[in-house]
Amino acid sequence: MLYVQDIKRLFRRRDGNFGITTALVLPILVGVAGLAVDTANLSLSQRQLQEATDASALAVSTALMKGTADETSGKTLGLDFLSGQVASIAGSTAAAAAKQAATVSITTMTTSSGKSFVVGVTASMPVTLTPLSALIAGNTRTVSAASKSTSGTGTTKNGISIEVLLDASTSMSEDTTTQNGTKCAIYLLGICIGTQPAYYSKIDALKIAAGKLFDSLDKYDPNARYVRSGAISYTSSIKGQSPMAWGTTSARGHVSGITIEKNNGTDATAAMKAANANIAKNQYGTDTESVEQKKRDNTNSDRIIILMTDGDMTGDTGSWVSKLDQSVRDECTNAKAAGIKIYTVAFMAPDKGKALLKFCASTDANYYEPNTMDALTAAFSSIGEAATKSTSRLTN
């Protein structure tokens, strides 16, 4: 093995061996340098091809779901879409080669409730190496990628396993701006002689809003065949929870029974960790939710967490704690990595609470920032509609 000091010694020499040694070593050094450049290029090309096959599979799934393509035209669409994607990143020559080597498979399953489609796209393309690498590795290398997506038509539905995480800290007893009748302000000899407006508390508003979410789930699944739900109420730790169960009855019952106690702060770490453990998939399909969903022939099932808070992460200190905030972020990151879709609701929350929930949401569209009871109700209704909407999705 040549070391740096050996190379320096060679270049300092002036006898005849220097020229011979340099002639022998220089091509190797040049080739190694070229391989370093091309290794990075091959990695980038493979990632770009993977993105192209992902996009192609989703495009075909969506067309099948919408009825704008059948199996024959869907395969043509997939190849043409893939070619266009590759052309934009690697040029027409690579696109033609990728299209020639690609395959698009479509599996249609028909049941009494509708159709479902599984689309597979595989592709490979040549990547030209630099002249430096060509000295020892040849002129080209091939990168490959494969993607799979699913979609459905008619009344075909995905299973849904959803955990609802609700803040039950002391601040949830505070009033909203929505009036709820009146209350007595002045008593005289046991008789009310003056009234003032009464307002819904945050927790009352939350219970009504969560009810709208459960209504959406029940509308999607009136016979409790597709939806499994659970609810976790938390303060600075888990306050209580209903285990995952078919339908929404158990989760509804837990939410309606939430009470607010004094001197309880906020930390969603334990709640997020528990929710993740309850619904995350494992690679073997032996996790509880996969097993339960398969019992009812739900081949595909979405995993969803809804995280709501009205504050920032204080624990029981009374003020924001950076370490607790970061621990919740870590649990959100873990959930996303496990394929869980996260919706977040920052209800009348301070800036740090908003920032946390923006980070935790799977996308910007999954983050809600309501400041009134009506907006909170609308947020949970929107989440319910989004959670039960049929979509094309990658399954690789």
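Per residue of the stretch 305-322, in order, report the coupling 6.51 cos²θ - 1.76 cosθ + 1.60 (Karplus, θ = phi - 60°) as ³J(HN,Hα) in whole Hz, putting x for Gly and Pro.
Whole-Hz 3J(HN,Hα) from phi for the stretch 305-322: 10, 10, 10, 10, 8, 10, x, 10, 7, 10, x, 10, 8, x, 9, 4, 10, 4.
Where the only charges are on Cβ atoms (+1 Lys, Arg; -1 Asp, Glu), what is the dipole of the chain about its Cα centre, to the nearest 20 debye?
Here the chain has a charge dipole of around 1060 debye.
Which label marks the calculated value of semi-axes √(5λ) of the Cα gyration tensor in Å, given the options (1) 32, 27, 20; (2) 55, 31, 17; (3) 42, 22, 18?
Recomputing semi-axes √(5λ) of the Cα gyration tensor in Å here picks out (2).
Karplus couplings for the stretch 93-103 from phi (6.51 cos²θ - 1.76 cosθ + 1.60, θ = phi - 60°), rounded to Hz, Gly and Pro as x?
Residue by residue, the stretch 93-103 yields 5, 5, 5, 5, 5, 5, 5, 5, 8, 7, 10 Hz.
Sort the stretch 263-366 into rounded, prolate or oblate with this rule: let a ≥ b ≥ c be the square roots of the eigenvalues of the Cα gyration tensor; rounded if a/c is under 1.5, and if a/c is not under 1.5, prolate when a/b is larger than b/c, oblate otherwise. Each step should come with its number before you reach the end.
Numbers: a/c = 2.67, a/b = 2.15, b/c = 1.24.
In terms of gyration-tensor shape, prolate.
Of the options Thr259, Ala346, Asn41, report the single residue whose Cα projects farthest towards the positive end of the charge dipole of the chain (beta-carbon charges: Lys, Arg +1; Asp, Glu -1).
The Cα lying farthest towards the positive end belongs to Asn41.
Does anyone have the angle between helix 16-66 and the longest principal axis of the chain? Alpha-carbon axes, 0 to 90°, nearest 10?
40
Considering only protein heavy atoms, what is the solvent-accessible area of Ile193 at a probe of 1.4 Å, reported in Å² to the nearest 10?
110
Net charge around Ser290, counting only other residues with Cβ within less than 13 Å of its Cβ (Lys, Arg = +1; Asp, Glu = -1)?
Values: positive: Arg228, Lys281, Lys294, Lys295, Arg296, Arg303; negative: Asp287, Glu289, Glu292, Asp297, Asp302.
Around Ser290, the charge tally is +1.
Measuring from label point to label point, each 7 Å out along Cα→Cβ, what is the Ile186 to Ser319 span in nm?
Placing both labels 7 Å beyond Cα along the Cβ direction yields 4.1 nm.
Using a 1.4 Å probe on the protein heavy atoms, what percent of the accessible area of the chain belongs to carbon and sulfur?
54
Excluding ligands and nucleic acids, what accessible area in Å² is computed for Arg252 using a 1.4 Å probe, to the nearest 10?
Arg252 exposes around 70 Å² with every protein chain in place.
Which angle between 0 and 90 degrees, to the nearest 10, do you get for helix 71-90 versus the longest principal axis of the chain when only C-alpha atoms count?
70
Taking 7 Å along the Cα-to-C-beta vector as the label spot, tell me the Thr103-Ala146 distance in nanometres, rounded to one decimal.
Output for this residue pair reads 0.9 nm.
Largest first, what is the accessible-area ranking of Asp374, Asp312, Asp364, Asp80 with a 1.4 Å probe? Intermediate values should be presented prior to the final figure.
Working: Asp374 115, Asp312 30, Asp364 145, Asp80 75 Å².
Largest to smallest exposure gives the sequence Asp364, Asp374, Asp80, Asp312.
Quick one: accessible surface of Tyr367, probe radius 1.4 Å, all protein chains present, in square angstrom to the nearest 10.
40
Please list, ordered by chain and number, the residues whose modelled amide H lies under 5 Å from the amide H of Thr176; skip anything fewer than 5 residues away on the same chain.
Tyr200, Ser201, Lys202
Taking the 0 to 90 degree range and rounding to the nearest ten, how far is the long axis of helix 373-387 tilted relative to the main principal axis of the chain, both from C-alpha atoms?
Result, in degrees: 40.
Once R0 is set to 30 Å, what does the formula 1/(1 + (r/R0)^6) return for the Cβ-Cβ distance between Asn300 and Asp330, expressed as a FRET efficiency to the nearest 0.05?
0.60
Please give the per residue accessible area of the chain, computed with a probe of 1.4 Å over protein heavy atoms only, in Å². It would help to have the intermediate numbers written out before the result.
Details: 19600 Å² over 396 residues.
That works out to 49 Å² for each residue.
The values are calculated or read from the model by the stated rules, or taken from the named source; none is laboratory data. It should be emphasised that the depicted structure is a prediction, and the values quoted were computed from it without experimental measurement. So basically every Cβ, Gly included, is an ideal-geometry build from the backbone, and we count neighbours across all protein chains shown. With ligands, DNA and RNA removed, areas are computed over all heavy atoms of the protein, side chains included. Shrake-Rupley method; radii C 1.70, N 1.55, O 1.52, S 1.80 Å.
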